[in-house]
Amino acid sequence: MRFSFQAIGRLSMDIVLLFKSLIMGMVEGITEFLPISSTGHLILTGDLLNFMSKEKRDVYEIFIQLGAMLAVVWEYRAKLVSTLTGAVKPGGERNLLLAVVIAFIPAAILGLLFSKVIKAHLFQPVPVAMAFIVGGLIILWAEKRQVNKVALIETVDDLSLKDALKVGLCQCLALIPGTSRSGATIIGGMFLGISRKAATEFSFFLGIPTLGAASIYSLLKHRHELDIGDSGVFAVGFIASFIFAFIAIRALIKFVSTHTFVGFAYYRIAFGLIVLATAYSGMVSWTV
């Protein structure tokens with residue numbers, strides 16, 4: 001049997017690429033529903049790993065978000081089924097469904113209008129790092145306001161359509177990379193008087209149409225960037241994203257019942273400062 005060094009080299013490259021995809025999927029799954037910005041982490045991780053071309057990586061990152069979104073669907077499948085079947089008549093189920101739809105609309109509109117401008121100017125290490133730091137400071141401010149303050153809304157079923165719209169407007173801030181969709185909706189909800197647990201769960205539900213629509217739109221728009229040869233890389237990232245998002249969702253729900261988000265705030269600030277320090281010192285040559 002004759003071995004081809006060229007074939008061995010291609011196999012090694014494929015294994016390395018799949019391993020990088022596994023890391024990217026893990027990062028997406030862990031960070032998507034935590035208030036620490038999955039987009040920011042994916043931008044920086046992909047840059048460090050030199051993962052795919054910039055154009056193809058953009059499609060990949062959107063695609064693996066579907067895995068994280070499906071993790072929410074699976075975790076809350078009973079709640080989602082009862083909401084959809086119960087929405088045919090007036091009540092809490094219809095109210096929750098309408099709340100999710102109303103909250104989804106603002107970011108969908110602004111995303112279609114300004115996504116190109118945002119990607120052109122803000123998908124860079126320094127803006128992402130600054131968004132990390134500012135977001136961390138806002139979380140600290142929100143938690144300070146929560147001390148000895150009783151939440152007006154304890155469960156997602158009690159959420160009014162007006163409050164849902166306000167949360168949806170907060171989600172628009174997540175169009176800025178590094179802000180965090182989960183952070184914007186959860187912390188925004190807390191500012192509106194929604195309990196930490198209810199705000200977190202509503203953020204999960206709102207993520208289903210938001211991530212789903214963004215993923216499908218991006219895949220259709222950039223389908224020319226896709227290649228059948230990349231299916232394995234995309235599949236590994238998708239599966240890893242689903243598994244780790246599922247773990248993160250369960251862990252976060254348990255966490256918010258007894259803890260604040262202060263730890264995430266300090267993490268964001270520290271992470272942002274590290275990115276700024278490495279960028280300005282030249283220790284890391286960020287290229288995104």
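The values are calculated or read from the model by the stated rules, or taken from the named source; none is laboratory data. None of these values were measured; they are calculated from a predicted model. For neighbour counting, all protein chains shown are included, and Cβ atoms are generated from backbone atoms with ideal geometry for every residue, glycine included. Ligands, DNA and RNA are stripped out before the accessible areas are found, and what is left, the full protein with its side chains, is counted by its heavy atoms. Shrake-Rupley method; radii C 1.70, N 1.55, O 1.52, S 1.80 Å.
Largest accessible area first, the residues 52, 283 order themselves as 283, 52 under a 1.4 Å probe with ligands, DNA and RNA left out.
Could you do me a favour and compute the accessible area per residue for the range 186-288, 1.4 Å probe, result in Å²? Mind dumping the intermediate values first?
Values: 4890 Å² over 103 residues.
Ligands and nucleic acids excluded, the figure is 47 Å² per residue.
After finding the eigenvalues of the alpha carbon gyration tensor for the range 122-189, what semi-axes result from the square roots of 5 times each, listed largest first in whole Å?
On the way: eigenvalues 125, 49, 8 Å².
Output for the range 122-189: semi-axes of 25, 16, 6 Å.
If eta is 1.567 mPa s and T is 4 °C, what Stokes-Einstein diffusion coefficient results for the range 183-274, Kirkwood Rh from Cα pairs, in µm²/s? If you can, show how the numbers build up before the last one.
On the way: Rh = 15.8 Å.
Translational D for this selection: 82 µm²/s.
Entry note, the range 68-171: relative contact order of 43 percent, from Cα contacts under 8 Å with a spacing of 6+ residues. As a quick test, which of the pairs 197/254; 162/254; 20/56; 54/119; 119/197 have an alpha carbon distance above 20 angstrom in this structure? Among 197/254; 162/254; 20/56; 54/119; 119/197, the Cα-Cα distance tops 20 Å for 162/254; 119/197. Considering only 40, 173, 194, and ranking their Cα positions along the charge dipole of the chain that arises from unit charges at the beta-carbon of Lys, Arg, Asp and Glu, the one farthest toward the positive end is 194. Shown in residue order for the range 158-174 are the 3J(HN,Hα) couplings computed by the Karplus curve 6.51 cos²θ - 1.76 cosθ + 1.60 at θ = phi - 60°: 8, 6, 7, 5, 5, 5, 4, 4, 5, 5, x, 5, 5, 4, 4, 5, 6 Hz (x for Gly and Pro). Phi-derived couplings, Karplus 6.51 cos²θ - 1.76 cosθ + 1.60 at θ = phi - 60°, listed residue by residue for the range 24-34: 4, x, 5, 4, 4, x, 5, 9, 4, 9, 8 Hz, with x used for Gly and Pro.
The alpha-carbon of residue 166 sits under 20 angstrom from the alpha-carbons of these aspartates and glutamates, leaving out residues fewer than 8 places away in its chain: 93, 143, 154, 157, 158, 201.
Potential lengthening of the chain between residue 50 and residue 112 amounts to 19.5 nm, from the contour at 0.36 nm per residue minus the alpha-carbon distance. Under the criterion of Cα pairs below 8 Å and six or more residues apart, the relative contact order for the range 22-281 equals 40 percent. Shape summary: the range 22-281 maps onto an equivalent ellipsoid whose semi-axes, from the alpha-carbon gyration tensor, are 28, 23, 16 Å in decreasing order.
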